[in-house]
Protein chains: 10
Amino acid sequence: MLFHVRMDVRIPDDLPAAQTDELKAREKAYSQDLQRSGKWRHIWRIAGEYANYSVFDVDSVEELHQLLTGLPLFPYMQLAVTPLCRHPSSVREDDR
Amino acid sequence: MLFHVRMDVRIPDDLPAAQTDELKAREKAYSQDLQRSGKWRHIWRIAGEYANYSVFDVDSVEELHQLLTGLPLFPYMQLAVTPLCRHPSSVREDDR
Amino acid sequence: MLFHVRMDVRIPDDLPAAQTDELKAREKAYSQDLQRSGKWRHIWRIAGEYANYSVFDVDSVEELHQLLTGLPLFPYMQLAVTPLCRHPSSVREDDR
Amino acid sequence: MLFHVRMDVRIPDDLPAAQTDELKAREKAYSQDLQRSGKWRHIWRIAGEYANYSVFDVDSVEELHQLLTGLPLFPYMQLAVTPLCRHPSSVREDDR
Amino acid sequence: MLFHVRMDVRIPDDLPAAQTDELKAREKAYSQDLQRSGKWRHIWRIAGEYANYSVFDVDSVEELHQLLTGLPLFPYMQLAVTPLCRHPSSVREDDR
Amino acid sequence: MLFHVRMDVRIPDDLPAAQTDELKAREKAYSQDLQRSGKWRHIWRIAGEYANYSVFDVDSVEELHQLLTGLPLFPYMQLAVTPLCRHPSSVREDDR
Amino acid sequence: MLFHVRMDVRIPDDLPAAQTDELKAREKAYSQDLQRSGKWRHIWRIAGEYANYSVFDVDSVEELHQLLTGLPLFPYMQLAVTPLCRHPSSVREDDR
Amino acid sequence: MLFHVRMDVRIPDDLPAAQTDELKAREKAYSQDLQRSGKWRHIWRIAGEYANYSVFDVDSVEELHQLLTGLPLFPYMQLAVTPLCRHPSSVREDDR
Amino acid sequence: MLFHVRMDVRIPDDLPAAQTDELKAREKAYSQDLQRSGKWRHIWRIAGEYANYSVFDVDSVEELHQLLTGLPLFPYMQLAVTPLCRHPSSVREDDR
Amino acid sequence: MLFHVRMDVRIPDDLPAAQTDELKAREKAYSQDLQRSGKWRHIWRIAGEYANYSVFDVDSVEELHQLLTGLPLFPYMQLAVTPLCRHPSSVREDDR
């Protein structure tokens with residue numbers, strides 16, 4: 001089941017650089033694990049912004065919520081979730 | 001080069017049903033041709049709305065504009081275009 | 001799986017009264033069938049508006065989309081869908 | 001009498017962790033007491049957000065206001081209250 | 001129990017003048033009956049707009065909804081309802 | 001002359017509790033004096049929010065501005081002022 | 001007493017040209033009479049829009065409402081009224 | 001050439017009172033000099049807000065920008081600039 | 001003097017095709033004349049929308065307003081005008 | 001390929017003046033290098049705001065994103081990117 005997520009990141013100015021770096025490294029590893037597992041289907045950077053559009057493929061809303069709230073940068077993110085379904089005109093087997 | 005597009009469709013109530021059906025059939029054929037050519041990478045229906053999120057892969061903004069304004073339903077659509085680029089955490093080779 | 005849906009209805013002024021009545025009767029029957037089947041968990045009128053808040057319990061986003069676009073009044077509705085999950089403080093077994 | 005409430009929580013970054021934990025524990029107990037008493041009918045987490053949709057069943061607006069402003073996290077919440085009434089299509093006896 | 005209501009009226013240009021006049025006359029009579037009964041506590045015109053701020057005093061949300069949807073101009077109105085309660089600083093006995 | 005005012009209060013988290021208490025006490029006394037004088041006609045709490053709807057009866061916009069900027073909590077308030085006039089359907093002599 | 005008013009005009013496409021011309025001529029005469037009487041202090045066109053910013057000098061909100069709703073183009077206008085008062089830094093005697 | 005400017009002032013809570021007073025005194029002197037020179041045509045306080053509507057009469061956009069960014073309170077202001085021109089119905093010679 | 005203008009075009013569905021074609025031809029000729037004269041400095045299509053961003057170079061706001069309201073498609077446009085001035089970092093002599 | 005970018009700058013009040021000055025100097029040098037290279041086609045100050053409208057000419061969205069996120073003031077900016085294409089009415093060879 002697919003969900004479209006927009007993530008906007010706002011890291012506070014006063015977070016120490018070392019902590020920011022560590023958070024970003026953990027975020028990257030976390031994201032790549034989920035991408036490799038197939039749960040995090042797509043991630044694209046929005047040009048000129050510290051934000052991304054992502055597509056998740058999960059078994060339930062519950063699972064989606066666990067994945068999103070587990071993001072190391074979650075406390076500094078604003079998320080917008082949109083449920084997707086297969087488009088009747090789609091020709092791609094895996095965009096369901 | 002990738003662009004995220006949200007398409008909202010509002011067909012006027014007074015458009016004759018036959019014309020609507022013909023437009024939708026042409027829209028579907030047009031979309032599937034572009035999907036098969038690789039230009040229209042993804043299309044997902046937004047649940048509960050007559051709207052979709054799509055991702056296009058084009059050589060230029062000019063080409064994107066030609067593809068979008070050529071949509072049979074374009075006169076009845078509201079489009080929002082967002083330029084994308086590869087996310088530094090992405091592990092998918094083709095989400096560039 | 002639960003989804004929160006806000007439905008706003010705007011029936012055009014020039015729709016003949018008989019057609020409006022027939023649509024509303026079909027809408028009511030359609031809604032009550034789904035409520036009895038357990039798919040449409042809750043529906044409340046928003047005071048002073050031709051609108052409702054509803055909660056659906058479905059097996060997939062696909063099923064939700066089919067139920068919503070099958071609404072007899074769907075062409076005259078604006079829908080906003082929000083995926084829900086069980087709240088960690090909830091004590092109700094069936095609000096999952 | 002039913003009221004729909006959306007609660008968005010924003011705990012300041014500089015609140016000490018111990019104080020945050022204590023607030024959350026009190027919030028959970030407070031919520032569960034009200035749920036068991038039947039005053040707080042439903043609570044669902046909004047996927048991907050530190051927010052919930054709730055439905056309260058109270059005897060008066062006054063009572064609702066007392067319950068909401070008594071929330072331990074109230075100083076860090078933004079609330080939106082919508083009065084509900086029974087939907088003419090509802091088949092559930094207790095969604096009045 | 002008090003509710004604050006903002007009413008914005010938009011009568012379509014093509015409604016025949018006689019029908020408009022009859023609707024407005026019925027609206028006025030309906031409003032004045034409710035004012036005299038004490039249900040419609042206050043009504044003020046918003047300067048420069050075809051809109052008003054009103055305060056209703058009702059026994060339930062259900063009753064409020066019946067009163068509002070019974071307005072002769074209801075099909076041409078946009079309503080926004082806000083539940084009120086007594087302000088702790090109020091000195092007026094009847095602003096409860 | 002009547003003016004409708006919505007007041008939203010946001011007291012900063014780091015204001016010392018003693019100072020907050022003193023401000024609120026002065027605010028209450030200030031408000032009650034104006035209510036007794038007839039200048040501050042109505043004040044209602046908006047359910048679930050630290051906000052109120054009020055109606056002022058003043059001789060001039062100048063007087064209104066003096067009363068509002070004199071509020072002890074004014075530095076922490078956001079105000080929205082709407083000029084009112086007697087509604088042609090009103091039956092209350094004093095809602096002019 | 002001064003009020004700032006923004007007026008946006010939207011004349012429907014299907015209003016006959018003769019009727020539009022007559023309305024505009026009456027609007028101009030009405031405006032100029034009020035300007036000469038001193039009630040309509042200022043009127044400026046907003047560049048590139050069919051809209052103006054105006055300042056009225058009236059004895060009461062009631063009078064303002066009468067003047068505005070008497071505008072021949074009022075049925076096709078959207079108005080936003082803001083009460084003004086003398087600025088403490090003003091050096092112009094008549095900007096009170 | 002005339003420009004309409006809305007200025008909203010937000011002085012941070014933690015600015016020392018002496019610095020605030022000094023800024024306000026300089027702001028007032030700066031404003032009054034420009035008013036006397038004819039560059040700052042009008043300034044009105046918006047009732048109930050720390051904001052004003054102003055009209056500037058300048059020789060160029062460049063000059064306007066210099067005047068506005070020279071305001072002592074500019075770092076704490078949000079400005080919205082709207083270019084004006086003479087209204088075809090205006091009877092005031094100097095509202096050009 | 002430079003002004004940034006966003007133009008959004010909405011031609012009504014029921015305008016006869018011949019009239020639409022004639023309007024667009026006149027619009028193009030009008031635009032190209034002004035571009036050649038140097039008054040209409042830049043015009044770019046916004047990708048995927050029937051809209052453009054333009055930059056005008058005029059001697060006064062009055063002249064800008066005359067040029068914009070003279071657009072053959074003006075009755076079907078929504079315009080947003082922003083005054084520009086030379087950026088202190090600009091190295092282009094003619095972006096003044 | 002052209003992109004329209006609006007940049008709004010908000011430098012925090014508590015950034016030391018020396019650091020602010022150094023950032024601004026680097027920002028200016030960075031901008032002027034890109035302008036001279038032809039990548040940053042236009043930059044205009046928005047009158048009365050700490051903001052600019054710019055037009056970039058890049059080979060890809062990727063390049064645009066690198067240029068924008070490399071801005072010394074990027075951490076304190078809000079950016080909005082709009083893809084442009086040649087307008088069919090344009091007569092300027094280089095506004096493609």
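The values are calculated or read from the model by the stated rules, or taken from the named source; none is laboratory data. The structure displayed is predicted, hence computed values, not measured ones. Cβ: placed from backbone, ideal geometry, glycine included. Neighbour counts: every protein chain shown. Quick note on the areas: whole protein, heavy atoms, side chains included, nothing else; ligands and nucleic acids left out. Shrake-Rupley method; radii C 1.70, N 1.55, O 1.52, S 1.80 Å.
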Residues that are of a type outside the set (Gly, Ala, Ser) and closer than 16 Å to A:Arg86 by Cα, drawn from region C:59-80: C:Asp59, C:Val61, C:Glu62, C:Glu63, C:Leu64, C:His65, C:Gln66, C:Leu67, C:Leu68, C:Thr69
Any hit, region C:30-44, residues being under 28 Å from D:Asp33 (Cα atoms) and small (Gly, Ala, Ser): yes
Candidate set from region E:50-61 (those that are surrounded by 18 or more Cβ atoms within 10 Å (Cβ to Cβ) and farther than 16 Å from F:Tyr53 by Cβ); member that is nearest to the chain's Cα centre (by Cα): E:Val58
Complete set of residues in region H:1-14 that are touching a residue at least 40 places away in the same chain (Cβ under 8 Å), out of contact with any Pro (no Cβ under 6 Å at 6 or more places or on another chain) and more than 9 Å from chain G (Cβ to nearest Cβ): H:Met1, H:Val5, H:Arg6, H:Met7, H:Asp8, H:Val9, H:Arg10, H:Ile11, H:Pro12
Selection count, region D:23-48, where residues are in a loop (DSSP other than H, G, I, E, B) and surrounded by fewer than 18 Cβ atoms within 10 Å (Cβ to Cβ): 2
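If I filter region B:62-72 for residues that are assigned to a loop (DSSP other than H, G, I, E, B), closer than 30 Å to C:Pro75 by Cα, open to solvent by less than 50 Å² (accessible area, probe 1.4 Å) and aliphatic (A, V, I, L, M), do I get at least one hit?
Within region B:62-72 (the criterion being assigned to a loop (DSSP other than H, G, I, E, B), closer than 30 Å to C:Pro75 by Cα, open to solvent by less than 50 Å² (accessible area, probe 1.4 Å) and aliphatic (A, V, I, L, M)), the answer is yes, since at least one residue qualifies.
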Filter result (of a type outside the set (Lys, Arg) and either part of a strand (DSSP E or B) or more than 8 Å from every other protein chain (Cβ to nearest Cβ) (or both)) within region G:76-96: G:Tyr76, G:Met77, G:Gln78, G:Leu79, G:Ala80, G:Val81, G:Thr82, G:Pro83, G:Leu84, G:Cys85, G:Glu93, G:Asp94
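Going through A:Arg41, A:Arg6, A:Arg10 one at a time, which residue ends up being charged (D, E, K, R), more than 22 Å from B:Glu49 (Cα to Cα) and under 10 Å from the mean Cα position of the chain (by Cα)?
Values: A:Arg6 fails: more than 22 Å from B:Glu49 (Cα to Cα); A:Arg10 fails: under 10 Å from the mean Cα position of the chain (by Cα).
When all the criteria are applied, what remains is A:Arg41.
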Residue list for region J:19-73, restricted to those being over 26 Å from B:Glu62 (Cβ atoms) and in contact with a strand residue (DSSP E or B) (Cβ under 7 Å, 6 or more places away or on another chain): J:Ser31, J:Arg45, J:Ile46, J:Ala47, J:Gly48, J:Glu49, J:Tyr50, J:Ala51, J:Leu71, J:Leu73
Candidate set: region F:27-38, residues that are without any contact (Cβ under 8 Å) to a residue 12 or more places away in the chain and at the interface with chain E (Cβ under 7 Å from one of its Cβ atoms); chosen: the one farthest from the chain's Cα centre (by Cα): F:Arg36
Tally, over region G:81-95, of residues that are open to solvent by 40 Å² or more (accessible area, probe 1.4 Å) and under 18 Å from F:Pro83 (Cα atoms): 1
Where a residue in region G:45-66 is more than 14 Å from chain I (Cβ to nearest Cβ) and its partner, wherever it lies, is open to solvent by 20 Å² or more (accessible area, probe 1.4 Å) and assigned to a strand (DSSP E or B), with Cβ under 8 Å and at least six apart: G:Ser54/G:Arg6; G:Ser54/G:Arg41; G:Val55/G:Arg41; G:Phe56/G:Arg41; G:Asp57/G:Arg41; G:Glu62/F:Arg86; G:Leu64/G:Val81; G:His65/E:Arg45
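State yes or no: is J:Thr20 open to solvent by less than 40 Å² (accessible area, probe 1.4 Å) and either within 14 Å of chain I (Cβ to nearest Cβ) or closer than 23 Å to I:Arg41 by Cα (or both)?
Spelling it out, it is not the case that J:Thr20 is open to solvent by less than 40 Å² (accessible area, probe 1.4 Å) and either within 14 Å of chain I (Cβ to nearest Cβ) or closer than 23 Å to I:Arg41 by Cα (or both).
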